[in-house]
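Structure, as structure tokens:
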Amino acid sequence: MEALSSNHLEAEEAESLDRVDLLLPGFQTQLIQQVAAVSKGPVVLVIMSAGGIDISFAKNNPNIKAIVWAGYPGEEGGRAIADVIFGKHNPGGRLPLTWYEADYVNLLPMTSMPLRPVKSLGYPGRTYKFYDGPVVYPFGYGLSYTSFTHTLVSANRSLAVNLDKTIQCRDIAYEDTAFKPDCAAVLVDDLTCSNEFEFEIKVENSGKMDGSQVVIVYSKPPSGISSTHIKQVVGFQRVFVDAGGNESVKFKLNACKSLGLIDFSGYNLLPAGGHTIVVGDGDVSFPVQLSFHGN
């Protein structure tokens, strides 16, 4: 087994220094490719960086059997990396950021601050919440030495929010007004925000090795709302599951915090309609119908 480490990015990324591209610096790409081409055993590539890098060449190289992103580890980093590579420890990490393809930096100037796409200028969105183009690895991606499956055990699929007469309905732009409720949204600041919904997920370890799984929960806004986020993280839990076993994970989410959105004017709104809760990569999803009563 050959273990290659790319760890010379400190000179390329810092609080006072911006990177100029999303590629490995210097001749590291060529070096990795040359070693992988002549190696007589499997190659494991270890990346040490703070940000994402376009390593599509390594991802698509059949001689590179594994890629480990170690960030900037501390003094015990070498031992920890070795424990993962040699199977002593089962990794369960998840990417906290999107790894874009190198061409992404050419699609918009870095001086453009909006997270949302700027359609008039052809700029794509930023972060997993607003960007749906091609990526090297998506936000939340991660592998394990075992396999996990998720099953929905129970869920509240409807939520009624009572409004008093002083609360006004707010308008939201819809791409298709056929989906638009009579009372499209209300201002979160006008609510006590005590409404919650619950659900339970069973996590099963179907492999042969004990391991931990990070259960990430996203919410998607009702269909038809224009210029809003694609999805957003609303909760997560790490659960350790023995090989062949299963564990239950329960979530209780606040409606305002989990189903709200920020409009172009900066208002925090809670929209009515059919929201969607998605667990992980989408192997579990279910609708939550939110309605307003009493206005």
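Within this structure, residue 57 passes the test of being of a type in the set (Phe, Trp, Tyr), open to solvent by 30 Å² or more (accessible area, probe 1.4 Å) and touching a helix residue (DSSP H, G or I) at 6+ places or on another chain (Cβ under 9 Å).
If you filter region 67-100 down to residues that are exposed (fewer than 15 other Cβ atoms within 10 Å of the Cβ) and of a type in the set (Gly, Ala, Ser), you find that the one that is nearest to the chain's Cα centre (by Cα) is 71. Taking region 158-176 as the range and being part of a strand (DSSP E or B) and touching a residue at least 60 places away in the same chain (Cβ under 8 Å) as the test, the residues that pass are 158, 159, 160, 161, 162, 169, 170. Please state which one of 234, 279 is over 22 Å from residue 160 (Cα atoms) and within 20 Å of the chain's Cα centre (by Cα). Going through 234, 279 in turn, just one is over 22 Å from residue 160 (Cα atoms) and within 20 Å of the chain's Cα centre (by Cα): 279. Of all residues in region 122-157, which are of a type in the set (Lys, Arg) and either in a helix (DSSP H, G or I) or touching a His at 6+ places or on another chain (Cβ under 9 Å) (or both)? The answer is 129, and nothing else. Being farther than 30 Å from residue 91 by Cα, touching a residue at least 12 places away in the same chain (Cβ under 8 Å) and loosely packed, with under 14 Cβ neighbours inside 10 Å, is that true of even one residue in region 124-132? The answer is no; no qualifying residue exists. When the criteria are applied in full, residue 240 fails the requirement of being under 19 Å from the mean Cα position of the chain (by Cα) and open to solvent by 50 Å² or more (accessible area, probe 1.4 Å).
Being closer than 30 Å to residue 86 by Cα and open to solvent by 30 Å² or more (accessible area, probe 1.4 Å) is the filter here; which residues of region 173-218 pass it? Quick ask: steps written out before the conclusion?
In the first step, residues of region 173-218 are kept if they are closer than 30 Å to residue 86 by Cα; the result is 202-216.
Passing the criteria: 202, 204, 206, 208, 209, 210.
Is there a residue being assigned to a helix (DSSP H, G or I) and at negative phi anywhere in region 105-117? Looking for residues that are assigned to a helix (DSSP H, G or I) and at negative phi, one finds at least one in region 105-117, hence yes. Does at least one position in region 254-270 carry a residue that is more than 23 Å from residue 167 (Cα to Cα) and open to solvent by 20 Å² or more (accessible area, probe 1.4 Å)? No, region 254-270 has no match at all.
Per-residue answers, yes or no, for (1) surrounded by 15 or more Cβ atoms within 10 Å (Cβ to Cβ); (2) under 17 Å from residue 187 (Cβ atoms):
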position	(1), (2)
221	yes, yes
232	yes, no
245	no, no
248	no, no
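For residue 115, the criteria (1) within 30 Å of residue 220 (Cα to Cα); (2) open to solvent by less than 70 Å² (accessible area, probe 1.4 Å) hold in every case but one, which is (2).
Within region 188-205, identify whether any single residue is under 24 Å from residue 116 (Cβ atoms) and among the small types (Gly, Ala, Ser), and answer yes or no. Within region 188-205, none of the residues are under 24 Å from residue 116 (Cβ atoms) and among the small types (Gly, Ala, Ser).
Within region 133-150, the set of residues being open to solvent by less than 50 Å² (accessible area, probe 1.4 Å), more than 11 Å from the chain's Cα centre (by Cα) and closer than 30 Å to residue 87 by Cβ comprises 135, 136, 144, 146, 148, 150. Among the residues making up region 22-73, those that are touching a residue at least 40 places away in the same chain (Cβ under 8 Å) and β-branched (Val, Ile, Thr) are 43, 44, 46, 47, 53, 55. Of all residues in region 140-177, those being touching a strand residue (DSSP E or B) at 6+ places or on another chain (Cβ under 6 Å) and within 30 Å of residue 67 (Cα to Cα) number 7.
Among the residues in region 208-217, are any free of Cβ contacts under 8 Å to residues at least 24 places away in the same chain and not polar (S, T, N, Q)?
Looking only at region 208-217, we keep the residues that are free of Cβ contacts under 8 Å to residues at least 24 places away in the same chain, and these are none.
No, there is no match, as no residue in region 208-217 is free of Cβ contacts under 8 Å to residues at least 24 places away in the same chain and not polar (S, T, N, Q).
The values are calculated or read from the model by the stated rules, or taken from the named source; none is laboratory data. Small disclaimer: the values here were computed from a predicted structure and weren't measured. FYI the Cβ positions are ideal-geometry reconstructions off the backbone, even for glycines, and counts take in every protein chain you see. Each accessible area value is taken on the protein alone, full model and side chains, heavy atoms only, with ligands, DNA and RNA left out. Shrake-Rupley method; radii C 1.70, N 1.55, O 1.52, S 1.80 Å.
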